[in-house]
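Next up is a structure, given as structure tokens.
The values are calculated or read from the model by the stated rules, or taken from the named source; none is laboratory data. Since we're looking at a predicted model, the values are computed, not measured. Cβ coordinates were reconstructed from backbone atoms using ideal geometry, including for glycine residues, and neighbour counts include every protein chain displayed. All accessible areas refer to the heavy atoms of the entire protein, side chains included, with ligands and DNA or RNA removed. Shrake-Rupley method; radii C 1.70, N 1.55, O 1.52, S 1.80 Å.
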Amino acid sequence: MNILLSNDDGFQAPGIVALYEALKDVAQVEVIAPEHNNSAKSNALTLHSPLYVHRAHNGFRYVNGTPADCVHIALTGLLPTPPDLVISGINNGANMGDDTIYSGTVGAAMEGFLFGIPAIAFSQVEKGWSHLEDAAAVARDIVLGLSDGRLRAGAPWLLNVNIPNRPRDQMKPLKVCRLGRRHAAEPVITQVNPRGDTMYWIGAAGPAVDEGEGTDFHASAQGHVVMTPLKVDLTDHDGLRYWAQTAAHLSAPAEAPPHEHAAPRLPGADRYRAPASAPARPASAPTAPRAAAPAGVLGRRRCGRRWPAQHP
């Protein structure tokens, strides 16, 4: 079995090193990972600057780009043949709920999925790398279990796996769950640099708002290894019929105005119409001359009104 291994924490991160060590005896593993930490880069690709690939002393290759860059160039030029499986991780911290949209770990795995290759993103629930060897052993068992004829069976799949930071004998069994949801992120953090300019730091992720039974948040809190199958289709299938009806209404011909050549009316135009009770002045009626201003008083006009001159 050939595996392409990447991450978003960088090629020197303990998570990818531990996962490589756990897999190297059961598969041919090629590591192509970012040079630096690229957390929260999602599926971003680098389009306006060149990418360079270097090889580290341990044989890992690293790229001055995003996690998705690493997988993309691996599958479109670096590797002679496509791998059987793309793996991303182990990430330093959970990727659950809305995290999966922003996650560079999930983004790297998703890039492989988009190329038609089965992919898995592995993360530890808590930051700090505690019990990392146990997490790597669990990831290895999952990979071996899935490799039994399932990697190329049918359409490719994308899995998101979160592993609790516990000794292996204290982890609860693998549980398949849906994604939960988080609240909005915490407020932005502002600071002033030595030159007096204001700096902005993105706030921390918000707490879970949908963490009920059946969600990844709930199962991980109970100590389970949590697996969530993901898909890329962002279509709101439940809303298709409603929006089709709305689109038909929007596409219908507009109702013809009362007069074919009448000018379009603007919102609030009725406020400027003369009251219905005001008598219409005949067009031919002569206009009475204006009364002369009192002696010593000069009048001036502004916006159609006469304003008396100011005297010292």
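Excluding ligands, DNA and RNA, what is the solvent-accessible area per residue of the range 107-180 at a probe of 1.4 Å, expressed in Å²?
45 Å²
What would the Debye formula give as log10 I(q)/I(0) at q = 0.10, 0.11, 0.14 Å⁻¹ for the alpha-carbon point model of the range 87-231, no solvent?
-0.38, -0.45, -0.69
Where a Cα-Cα gap under 21 Å defines reach, which lysines qualify for LYS172, not counting those fewer than 8 residues away within the same chain?
In chain and number order, the partners are LYS127.
Compute the Cα gyration tensor for the range 88-127, then decide on rounded, prolate or oblate, letting a ≥ b ≥ c be the square roots of its eigenvalues: rounded whenever a/c is under 1.5, prolate when a/b is larger than b/c in the other cases, and oblate in all that remain.
Prolate is the answer for the range 88-127, as a/c is 1.5 or above and a/b outweighs b/c.
Something else: Rank by packing, highest mean first: peptides 24-33, 242-251, 105-114, with packing defined as the count of other Cβ atoms within 10 Å averaged across residues.
Packing proxy ranking, top to bottom: 105-114, 24-33, 242-251.
Which percent of the accessible heavy-atom area of the range 1-77 goes to carbon and sulfur, probe 1.4 angstrom?
48 percent
Is the shape of the range 131-189 rounded, prolate or oblate, going by the alpha carbon gyration tensor and its root eigenvalues a ≥ b ≥ c, with a/c under 1.5 for rounded and a/b larger than b/c for prolate? Numbers along the way, then the final one.
Details: a/c = 2.57, a/b = 1.36, b/c = 1.88.
Oblate is the answer for the range 131-189, as a/c is 1.5 or above yet b/c matches or exceeds a/b.
Also, I was wondering about something else. Net charge within 12 Å of VAL17 by Cβ-Cβ distance, Lys/Arg positive one each and Asp/Glu negative one each, not counting VAL17 itself?
Details: positive: LYS24; negative: ASP9, GLU21, GLU133.
Taking every other residue near VAL17 into account, the sum is -2.
Quick check: with the 1.4 Å probe, what order do SER88, SER49, SER42 take by accessible area, largest first?
Ranked list, largest accessible area first: SER49, SER42, SER88.
Where a ≥ b ≥ c are the square roots of the eigenvalues of the C-alpha gyration tensor, would you call the range 10-140 rounded, which needs a/c under 1.5, or, failing that, prolate if a/b is larger than b/c, or oblate? Could the numbers behind the result be given before it?
Values: a/c = 1.42, a/b = 1.19, b/c = 1.20.
Judged from the Cα gyration tensor, the range 10-140 comes out rounded (a/c under 1.5).
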